[in-house]
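Structure first, commentary second.
The values are calculated or read from the model by the stated rules, or taken from the named source; none is laboratory data. Remember, it's a predicted structure, so these values are computed and weren't measured experimentally. Glycine also receives a Cβ, built like all others from the backbone with ideal geometry; neighbour counts cover every protein chain displayed.
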2 protein chains.
Amino acid sequence: MAISNSNNRFSSKLTSQCQNCSLSALCLPIALADEDVNRLDQIIERKRPLKKGELLFHQGEEFDSVFAVRTGTLKTFNITNSGEEQITGFYCPSELVGLSGIDENHYPVSAKALETTTVCEIPFSHLEQLSSQIPSLKHQLFRLMSRKICDDQQMMVLLGKKNADEKVASFLLNLSHRFKKRGYSATAFRLSMSRGEIGNYLGLAVETVSRVMTRFQKNGLIDVDGKEISIIDMAEMEKLVGASSECANIEHV
Amino acid sequence: MAISNSNNRFSSKLTSQCQNCSLSALCLPIALADEDVNRLDQIIERKRPLKKGELLFHQGEEFDSVFAVRTGTLKTFNITNSGEEQITGFYCPSELVGLSGIDENHYPVSAKALETTTVCEIPFSHLEQLSSQIPSLKHQLFRLMSRKICDDQQMMVLLGKKNADEKVASFLLNLSHRFKKRGYSATAFRLSMSRGEIGNYLGLAVETVSRVMTRFQKNGLIDVDGKEISIIDMAEMEKLVGASSECANIEHV
DNA sequence: CTCAACAATTGATCTATATCAGCAAGCTAA
DNA sequence: TTAGCTTGCTGATATAGATCAATTGTTGAG
């Protein structure tokens, strides 16, 4: 089954899609020579879009690929023994999902589309092989995984030490940075996740998320209109986040 | 100073220390052919022991090596803007510290010895080079980083969703597993960190850690004598941890 | 051995956030 | 259109765990 399916792996032979992709400066191809981008391009499968709510992979499934988000958003989550969902991350365009599956050869989480979402599937065994031949690709992979470790540790600090205000502010600014990096507005954007999902991710009750956002709006920090967010007072928001966004800070040095 | 000191980089030429190391089955050399272990061995520096409280590297310092703990224990931590310490991890023998520095080429955390500790320094540029020549070493590195991502995400679940009892139980069982893996008792061990450090790590006040442990003891779950811990009722402890230790579970499949 | 500094425990409050409950506004399907 | 869901907001109350404070135990320097 995987065999017949994998024919479209070669559909990219005609032209390098990676080179035309607006995300290539952020995704894996960063700092690759043209010919290397082509080689990477050859191993990538473009999948049909996922509709909102569809799973990209599910917890326990055998690992064989990592995925780069092209459009849309994904969330990854665990189902705990008690049956509740615990969201471990949101993934925006240019970001890589599935790296946590390498170790045990099974995905330890599920990945679900929050809206219509397209991804590039990158079979990991091919990627690993190719990375032997292209040192800068290998380095890029190490860097991406290292950044993920760094980011997750910042998230641990957030969950362990921050109060509700700081959590919500951190979350919004984090999204803001990610939009900015892709060339979108850092101050006005649309949340693709529900309040419930934000709360779940931040370790807060839905009601708390709602209350904090309302208060932020009252105090002129942000403007909220359903899923549309505008950051009005960026300086004050940054002050709220304040402590310990080390990974981000170092980037600015 | 670092120069004169680094002469001992070559002390390993005489014989492969990795091959004699009791941790080689857990550390990087896992699944390497003998000749490859020797090549790895050549790039490793054995450093003088760190005394309790000494820093291995500090937040912001330029990244050039990862470190494998040989004996003792390390903690990694951030200093937040408000000046408080936030512990992001504890490292036991055979575990690798410093991977989070790859991305930005600076360590985003500090690493401090909790007791007298010896480490193997592995210059990352050498390791990366070597990994090009030894595919299984490269794979091992990917796996280690993937596992770290997986572990950190479990920690996020712990911090976001668990109550004090579950946090402390998870922490103790996690240590138990790590001791067991190295061939030590899974039920009786010594904590190398203070109650304050445990609380800091788990997002709890010292007092709460103390109270939970006392209650666990009263209820016959564990036996506490200062830093010495015995797990009496492993089944009940595991029930407490219960939900969502996915990475660990998959390992048992 | 002794004193000082620090680490751990225990008890008494306080508080941030969860939980419970009710309501309003959209959205979907018939 | 209306009934039935879902999502978000807000108020009232409950509670887990923080904070404050006092006591005891431990460690290590001289």
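Does the range B:173-184 contain any residue that is more than 21 Å from B:Ile30 (Cβ to Cβ), within 12 Å of chain A (Cβ to nearest Cβ), buried (at least 19 other Cβ atoms within 10 Å of the Cβ) and at pLDDT 95 or above? No: zero hits.
In the range B:131-142, the residues that are at the interface with another protein chain (Cβ under 7 Å from one of its Cβ atoms) reach residues that are assigned to a loop (DSSP other than H, G, I, E, B) with C-beta atoms within less than 8 angstrom, at least six apart or across chains, in these pairs: B:Phe142/A:Ile102.
Just one of (1) within 9 Å of chain B (Cβ to nearest Cβ); (2) exposed (fewer than 14 other Cβ atoms within 10 Å of the Cβ) trips up A:Gln153, so point out which. All conditions pass for A:Gln153, except number (2).
When you look at A:Thr187, is it touching a Pro at 6+ places or on another chain (Cβ under 9 Å) and either farther than 18 Å from A:Tyr91 by Cα or surrounded by fewer than 22 Cβ atoms within 10 Å (Cβ to Cβ) (or both), yes or no? It is false that A:Thr187 is touching a Pro at 6+ places or on another chain (Cβ under 9 Å) and either farther than 18 Å from A:Tyr91 by Cα or surrounded by fewer than 22 Cβ atoms within 10 Å (Cβ to Cβ) (or both).
Return the residues of the range B:145-164 that are under 14 Å from A:Ser146 (Cβ atoms) and of a type in the set (D, E, K, R); say none if nothing qualifies.
Step one: filter the range B:145-164 for residues under 14 Å from A:Ser146 (Cβ atoms), giving B:145-149, B:152.
Within the range B:145-164, B:Arg147, B:Lys148, B:Asp152 qualify.
Which of the residues spanning the range B:44-93 are within 14 Å of chain A (Cβ to nearest Cβ), touching a residue at least 12 places away in the same chain (Cβ under 8 Å) and part of a loop (DSSP other than H, G, I, E, B)? Result: B:His58, B:Gln59, B:Gly60, B:Glu61, B:Phe63, B:Asp64. One residue alone among B:Ala186, B:Ala164, B:Ala169 is in contact with a Lys or Arg (Cβ under 7 Å, 6 or more places away or on another chain) and among the aliphatic types (A, V, I, L, M), and that residue is B:Ala186.
Filter the range B:161-188 down to the residues that are of a type in the set (A, V, I, L, M), closer than 25 Å to B:Ala68 by Cβ and within 16 Å of DNA strand C (Cβ to nearest atom) and list them by number. Spell out how you get there, then give the answer.
First pass over the range B:161-188, keeping only residues of a type in the set (A, V, I, L, M): B:164, B:168-169, B:172-173, B:175, B:186, B:188.
Still in the running and closer than 25 Å to B:Ala68 by Cβ: B:172-173, B:175, B:186.
Within the range B:161-188, B:Leu172, B:Leu175 qualify.
Just one of the numbered conditions (1) among the hydrophobic types (A, V, I, L, M, F, W, C); (2) within 11 Å of chain A (Cβ to nearest Cβ); (3) in contact (Cβ under 8 Å) with a residue 60 or more places away in the chain is not true of B:Ile30: (2). Taking every residue in the range A:188-214 that is within 19 Å of A:Ala113 (Cα to Cα) and pairing it with any residue that is near DNA strand D (Cβ under 7 Å from one of its atoms) and of a type in the set (S, T, N, Q), at least 6 positions away or on another chain, the pairs with Cβ-Cβ distances below 6 Å are A:Arg195/A:Ser210. Annotation: B:Leu191 fulfils all but one of (1) more than 9 Å from DNA strand C (Cβ to nearest atom); (2) away from chain A (no Cβ under 14 Å); (3) not basic (Lys, Arg); the unmet one is (1).
The one condition from (1) more than 21 Å from the chain's Cα centre (by Cα); (2) away from chain B (no Cβ under 14 Å); (3) under 22 Å from B:Lys162 (Cα atoms); (4) not polar (S, T, N, Q) that A:Ala205 does not meet is (2).
The residue pairs whose first member lies in the range A:224-242 and is within 14 Å of chain B (Cβ to nearest Cβ), whose second member is more than 16 Å from DNA strand D (Cβ to nearest atom), and whose beta carbons are closer than 7 Å, counting only pairs six or more residues apart or on different chains, are A:Glu238/A:Leu173; A:Val241/A:Ser170; A:Val241/A:Leu173; A:Gly242/B:Asn81.
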